[in-house]
Structure formats: structure tokens, C-alpha cells
1. Given axes a ≥ b ≥ c from the Cα gyration tensor, I'd like to know whether segment 101-161 is rounded (a/c under 1.5), prolate (a/b larger than b/c) or oblate.
2. So if the hydrodynamic radius of segment 369-425 is defined as the Kirkwood radius over C-alpha pairs, what does Stokes-Einstein give as its diffusion coefficient at 25 °C and 0.890 mPa s, in µm² per second?
3. How far apart, in nm, are two points set 7 Å out from the Cα along the Cα-to-Cβ line at VAL363 and at ILE328?
4. Using a simple spin-label model with points 7 Å from Cα along the Cα→Cβ vector, what separation in nm is obtained for PHE200 and THR257?
5. With a 1.4 Å probe and all protein chains in place, put ASP313, ASP232, ASP26 in order of accessible area, largest first.
6. Can you find, among GLY229, GLY218, PHE201, the residue sitting farthest towards the positive end of the charge dipole of segment 201-240, where Lys and Arg contribute +1 and Asp and Glu -1 at Cβ?
7. Could you provide, to the nearest whole Å², the per residue accessible area of segment 72-125 with probe 1.4 Å?
8. For LYS341 and LYS6, calculate 0.36 nm times their separation in residues minus their Cα-Cα distance, and state this gained length in nm to one decimal.
Amino acid sequence: MPFYGKYAVAAVCLVGGLGIFFEGYDQGVMSGVNISPSYVDLMDLGADSTGAATKTEKEGGIVAVYYLGTIIGALAGGALSDRIGRNYAVVCAGFFGLLGQSLQSAAQNAAWMICARIIAGVGTGGIAAVIPVWGSELVGHDARGMVMAFQMVVNFSGISASYWLEYLLSFRDGGRTEVRWRFPLAFQMIFLVALMILMFFMPESPRYDIGNGKRERGRQTLANFRARGDIDDPAVLTEYQEIIAAVELESKYEAFTYFHMVTGYKSGDLHLGRRTFLAAWLQVMQAWTGVTSVVVYAPTLFRTAGFSAHKSDLLTGIQNMVTMVCCILAIFTIDRFGRRKILLTGGVGQSLCFFLLGALSKVAADKDSASIGAAAGSFIFIYDFIFAATWLSVPWVYPTEIFPLVIRAKGNAFGIVGWSIGCGTVSLAAPKMFGALGPSAFYVHAVFNLFAVAMVYCFYPEVACRTLEEIDLLFASKSPFVWATERRFQELKLEHAGLVRGGGLGKTLDDEEAKGSVVEMEKPAGRGTGQGCSA
């Protein structure tokens, strides 16, 4: 028996969240693995008097190679889900994840671990590329951000769970046993198996179904999520016709490959190259705003700020829990205030945190002051608060919104490619950067946050509370600048009122009615189950 309305949205949140929980756990688990003496010895990473690895390039390389796998998995998952459907693509990616995690937990040397992490990355990348698209296409346009924000709460729950599990295991036999790192790596397979089983019982994306000849099933899915199963509900009919109109509009273009998307070749007014750049670069910027350093190397950051090894480990666990709780704020703000305002405000606040963190950490080190070190450490928590409420969710939901239906999963794959590049480069650079620069390395993230603010202001148009079918009009401008994009969008909404009001119903709008539709679309009545929009 299918779920309806808010219960259907809740089911998508929970099942999709399971996949994102796994992704967060898998990303965060290495923070504890990297400081396990048994792991350091087995992988020949060297060790100082505290047991920390001294071969930082090798340590960072083993962490970073995982993101090579996620790039492969994202591109494969995006293409596969557009061919066989979102649900089956998640299951296929899950098999790679299970293989990779089992190999990681059984690793006997660095070469083994590297190969295992690449395979595990393929599975994670595929899941991360498809799950957000699946969720955004099932729920209403006014709930997309809320659903992704919830999934980010679950994401950091996974990160926090992995850290606390490893922290508790560190007390077993002085933390020198192999169980300390092998068990956490194997434990995450439980989440994968549960996700793969549940996906067989979840509805397929209605936009995928309608675009691939299964229109009645897609229409019924829309009805289940929008109108308690009533396929004749006006809101369901309107959205159904919008999707059909978008499919017909996009059918005028030839089939798009990844080459077309990267280069924009033959994409005309769809400007796929621009959208691909925006999707990938937003995730790269997210990583370099500081979150990857905080997640993977948090104990090192707290030590840089002047805390002891034990306090650094404890503070890292608390910091992950604080971030998890703060993610809840985004559920109530991401659709209400819009993507741009949240990114701009968050970038400025994050930059200020890192400037103060760098300055206070330097003073604390020079004066050997515990109180100043504590003040410096507090800015890691403040950064977490700001990041969780702003930059955490938006870079994950934005790529799911800006691509045409026919290549939406492929498009989101480039978001995962950007996430992989960003996390991979930070994972490689952070150990060397903080080792060479000490507290001054925080300034790198501070400056990059300001750069990210400038990029968002100039090139990232607002997509909150606009239907997925309107997005083609939003990116039709030949100019990449936001102000030109918005101006052209308003013009095209008048010209293509059938698309934004449900093309295919056979109704022609005159100029006055079309002008009214512009106002209506600016603040649409919610067709889904979300917080509403006031962006």
C-alpha cells in the first residue's frame, strides 16, 4: 500500500537519508582510522612520539584516492540512472560499496588499502550522485531544499557515528588493536544492505518514468506525493503537463553525452557547459571553505589550536555532534530564504571565523596560553554552526535542480565530481599545509570563503521555489552573470507561459494573463509538502 502526502515525503527522507548517512559515515571514518596505531604501523605511515603518522603525503594519498573512485562512481551512476532508473542505479552502486568496504576492513598493506578505497569510492560516488536527484524529483518544488537539508542532518549523523564508534574503541587495550579501525570500516556495510533492500520497495522518480514512456505510473506517483493518490487533482495535472512539456522541449535537442555537458557543444540555449561548471565548482568551493579539513583532520586542527591529544579527540567528537544538530536549522531556512542569500551570508561568516581562528591560534602558540587556545577552538564550533546552516546543504541540492530532465542524474554526477575533486585536493593538501604553515593555514580557508562569496554573487542564479521545468528558461541567457540571467528569465516566462503553467493543456495565455503568471510563479502555492517559499 503506497504512502501519501507528507508520509510519502517522510519515507523518501528516511530511505534517501540512509544512503547519505552511509556517505557521511564513509567520509568521516578515516579521521579515526588515521590515528589508530595499528593502522599507522600496518600501512607504514611512520609515527612520532604521540603515535601520529609522519609520512603525511602517504597518509593524505590513501585518504584522497577514495575520491578518484567517487568520480568514477558518480559519472557511471549518473549515466546508468538515466538509462535504467534511479532505484536500480542505487542498488548497482551498493554492490561496489559492499565490495570496497569488505576489502578495506581486511586490508593488509597500503597497496591493498588504496585499491579497496577506490572501489569503495565508486559505490559511494554512485549513491551520492543518484539519491539527491531521486529525492528532488519525487517531492514538490517547495520541499526540495528541506529534503536535502534533512539528508545533511543524517549525513553528519553518519560522520559523528563513525567518530564516536572509533573513539570508544580507542579505550580497548590502549587503542592499539586492529579492531579499532577494522570494525568501523566493516560496520558501515549494514547501512548499505538496508538501503539496497529498501530501494526495491520505493517509487521510481516520476520525471524519469514520464520521460521514458511510463507516463501513467509517473502520474500516479505524482498523485501519491501531491494529492493523496488523486490523479485528477488540478495540481497533479498541472505538474504532469509541465513535465511533458519539458520532455517535448528537450527532445528537440540530440542526446547529450558527458562531452556535450562539459563543453556545451550543440546545447544551444540550454547552456549545459555553464550548468556543468556551476554544479561542479560549487562543490569544489564547499570543500575549500574548510569543511573537509574540519571533518577529516579535526583532531589535528584542535592540536594546532593548542589542545592536548586527548582533548582534541574528545572535542572532535563533540564538534561533529554540534554540526549534526545545527544542520536542523537548514531544514527551516533553505527554502524560505533561497540558495543565494544562504550561500552569501554563510561565506562571509565562515571567512571571519577562519581569520579569527588563525590569529588566535598563532597568539596561543606564541604565548603558550590555554585560555587563548580555548578561544581559538571555539571558532571551530562557530564555523560548524554557520556551515551547517548554510553551505552544507545548498551545494548538494543545487546540482539536482539546474539540469534538464533528460540528463538530470548525469548533471548531478558533476556535482559529485566537484565534491570529489574538492575533498580530494583538500585531503592531499591539508596535512602538508597545516604542517608547514601551522595556524597560518587557517587563512587559506578564510580567503577562499571570500572568493566563494564573489563567485556566488556573480554567477549563481536563485533556483529556490522554481519548478524543475522552469530551470531551462532560467539558464537560457547568453550571459553567465546573474543579473542578465534573471532579466532574460522574466522575458522568457512571458514567451513560454505554457511551460511554466502546464504546457499541453491547450490554453493560450494573452499578455495580461501571462503577466499575472509571473507574479504567481514568483511565490507559487505549494504543490508539495514543504516549508513554502519567500526567497
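1. Prolate, since a/c reaches 1.5 and a/b exceeds b/c.
2. My calculation gives 179 µm²/s for D.
3. Between VAL363 and ILE328, the label points sit 3.4 nm apart.
4. 3.6
5. Descending order: ASP232, ASP313, ASP26.
6. My answer, from the dipole projection, is PHE201.
7. 36
8. Full extension from LYS341 to LYS6 adds 117.9 nm.
The values are calculated or read from the model by the stated rules, or taken from the named source; none is laboratory data. No experiment lies behind these values; they were computed from the predicted model shown. Heads up, the Cβs are rebuilt from the backbone with ideal geometry, glycines too, and the neighbour counts pull from every protein chain shown. Accessible surface areas use protein heavy atoms only, side chains included; no ligands, DNA or RNA. Shrake-Rupley method; radii C 1.70, N 1.55, O 1.52, S 1.80 Å.
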